[in-house]
1. Does Glu167 satisfy the condition of being crowded, with 24+ Cβ neighbours inside 10 Å, touching a Lys or Arg at 6+ places or on another chain (Cβ under 8 Å) and among the acidic types (Asp, Glu)?
2. Every residue in the stretch 238-280 that is exposed (fewer than 13 other Cβ atoms within 10 Å of the Cβ) and part of a helix (DSSP H, G or I), please.
3. Here's a check for you: in the stretch 401-457, which residue that is more than 17 Å from the chain's Cα centre (by Cα) and part of a strand (DSSP E or B) is farthest from Arg261 (Cα to Cα)?
4. Just to be sure, is Thr202 assigned to a loop (DSSP other than H, G, I, E, B), hydroxyl-bearing (Ser, Thr, Tyr) and within 15 Å of the chain's Cα centre (by Cα)?
5. Got a sec? Which of Leu311, Leu253, Leu290 is more than 28 Å from Leu7 (Cα to Cα) and either within 20 Å of the chain's Cα centre (by Cα) or aliphatic (A, V, I, L, M) (or both)?
6. Report, ordered by the first and then the second residue, all pairs with beta carbons closer than 6 Å, sequence separation of six or more or different chains, a first member in the stretch 346-358 that is surrounded by 13 or more Cβ atoms within 10 Å (Cβ to Cβ), and a second member that is outside any helix (DSSP H, G or I).
Amino acid sequence: MRNLTLLTIAEAGRMLRAKEVRSVELAEACIARADAVEPLLNAFITRTPELALEAARAADSELAAGLDRGPLHGIPIAIKDLCATRGVRTTAGSAILADWVPGDDAMVVTKLREAGAVPLGKLNLHEFAYGVTSNNPHYGPVRNPFDTRCHPGGSSGGSGAAVAAGECFAAIGTDTGGSIRIPAALCGIVGLMPTYGLVSRTGVTPLSWSLDHVGPLARTVEDAARFLNEIAGFDPADPGSARCPGFDAAAELGRDIRGIRVGVPRSQVEGVQPGVAAAFEAALGVLRHLGALVVDVEIPLLDAGLRLNILQAEAAAYHARWLRECPEKYGEDVRALLLWGMTFTAVDYINDLRVRREFTAQVRRVMEAVDLIAMPTCPAVTCPIDSTADGAYRYGALTGPWDHTGQPVISVPCGFGDDGLPTGLSLAARPFEEALLCRVAHAYERATPWHDQHPPI
């Protein structure tokens, strides 16, 4: 029998409906896999195997009775511990919320339960999602399954590591400056940051109200697209929620990409590691071979999009009370960032909002001439956990600006860079054009072997 933990959601779903496997078997395989690798990876903060098996048995009963809830029905998944889960502690990777057991699910968790997914537990992350390494001082660092001496990226590091290592079929992540896409790139999987407001953030601990996105990490583009379909939707309880009737991220999967225009902001992608640059250029070659038109573009304010301090100011505002009452409960790096955020004035914040508006308008104008913008996801591959104190935030140098524009961005594996470690190709589309985005990413994925390269752990 095939290794069940290496199946895609699509493959597992076909087997479930053909009665070649049961949801309980999938859950048991993931639980056993986590038993084997968790002492090394530390991807989970809280595991819920008994609850998972109960949900899997219910899924098997429903499928046997002819009730099919969709592509996630009976599929074992895991949830970033930033999302509230009814009756299961939700720490946000912090000491402050170490004992919090919510009475209600986050909306995204509610949608996953309604879709028949099987939650395996809560995933480790950078404290309060404020960092890019997932080196957590309270619950221990998450380790990269391609090299356990290294970090998996962050803040959704547990999500990236768990999916890559086969501990779950897909996972929820959040993205405020790259926190879905960075772990996806560094762990060799797919990460999809949807259009701002497409997925509800109700019940998700905020980092930055105007920048936070919720989305999937998965092994393939198809899995990510179909997962996104299940969690997307308007939520009146989320003031940033958007209406998008008829949304279907998987609608164009399998169509060719001839004539699709892909822009490359050359000045911004210079200076990446040589191996990352080589993998990116090879990826552009594949897109050209598939018929895409690859052209250079200029986005002068792209660097300014990285330097905006909106995230820092909004995070400080959210944490102001805890910073006054219990500053000692924060890790040193997060406390320093929050205190830095307290130094920005209202004038600073409003000026940055103005620059963000100008930057977004500039990107929209550029994307009148191209359909997608391609970049390396990260300028470097992962590095040892103990060497990230200086320069860690370089990992968000190419991801952070896109959170400000609110448009959808996907990271797909595009080979291995320096030290033989994974690297990712980033593709950005216009708002609510996830179907086109996934179409191109899927075509690239099918033309390359990278999504089948599993970690050695």
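FYI, it's all coordinate maths here, none of it is from the lab. Remember, predicted model here, so these are calculated numbers, not experimental data. Positions of Cβ are backbone-derived with ideal geometry, glycine not excepted, and every protein chain shown enters the neighbour counts.
1. Considered against the rule, which asks whether it is crowded, with 24+ Cβ neighbours inside 10 Å, touching a Lys or Arg at 6+ places or on another chain (Cβ under 8 Å) and among the acidic types (Asp, Glu), Glu167 comes out as yes.
2. Arg266, Pro274
3. This residue is Phe416.
4. No; evaluated as a whole, the condition is false for this residue.
5. Of the residues listed, the single one that is more than 28 Å from Leu7 (Cα to Cα) and either within 20 Å of the chain's Cα centre (by Cα) or aliphatic (A, V, I, L, M) (or both) is Leu311.
6. Partner pairs satisfying both residue conditions: Asp352/Leu308; Asp352/Asn309; Arg356/Leu308.
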